[in-house]
Amino acid sequence: MYDVTHYYLHHGQPTSEVPKNLKKYHLNHHFRIQNKGFGITSALWDRVFGTLPTTKAAEKSR
């Protein structure tokens, strides 16, 4: 299931909100903040381990 989800997040074109948000979250890990956002199907473990990435809005307010 992990590999299928990972592949879809890179190559799929989601139309509903949950997959769109997962794709955005995951692509941020690859292209914007590589040392954060390791969760593929959820941000749960990023919250637990302190690797939750900041939002663009939070970065702009610094």
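Between the helical axis of 2-11 and the dominant principal axis of the chain, each derived from Cα atoms, what acute angle in degrees is found, rounded to the nearest 10?
80 degrees
Please compute the alpha carbon radius of gyration of the chain, then divide it by the globular-protein estimate 2.2 N^0.38 Å. Two decimals is fine.
Numbers: Rg = 11.9 Å, N = 62, 2.2 N^0.38 = 10.6 Å.
Scaled against compact globular proteins, the figure is 1.13.
By how many nm would the segment from residue 48 to residue 17 lengthen if fully extended, with 0.36 nm per residue of separation less the alpha-carbon distance? Could you put the intermediate results ahead of the total?
On the way: separation 31, 0.36 × 31 = 11.16 nm, distance 2.37 nm.
My answer for the length gained is 8.8 nm.
What percent do you get for the relative contact order of the chain when only Cα pairs under 8 Å and 6+ apart count? Could the numbers behind the result be given before it?
Details: 44 pairs, mean separation 14.9, N = 62.
Averaging sequence separation for qualifying contacts and normalising by length gives 24 percent for the chain.
Kindly express, to the nearest 10 degrees and within the range 0 to 90, the angle between helix 17-31's C-alpha long axis and the longest C-alpha principal axis of the chain.
60 degrees
Set the Förster radius R0 to 25 Å, insert the Cβ-Cβ distance between residue 4 and residue 34 as r into 1/(1 + (r/R0)^6), and round the FRET efficiency to 0.05. Could you put the intermediate results ahead of the total?
Values: r = 23 Å, r/R0 = 0.92.
The computed FRET efficiency comes out at 0.60.
Laboratory data are not the source of any read-out in this text; all were calculated from the coordinates shown. Since this is a predicted model, take the numbers as computed values, not measurements. Every residue, glycine among them, receives a Cβ derived from its backbone with ideal geometry; neighbour counts consider all protein chains shown.
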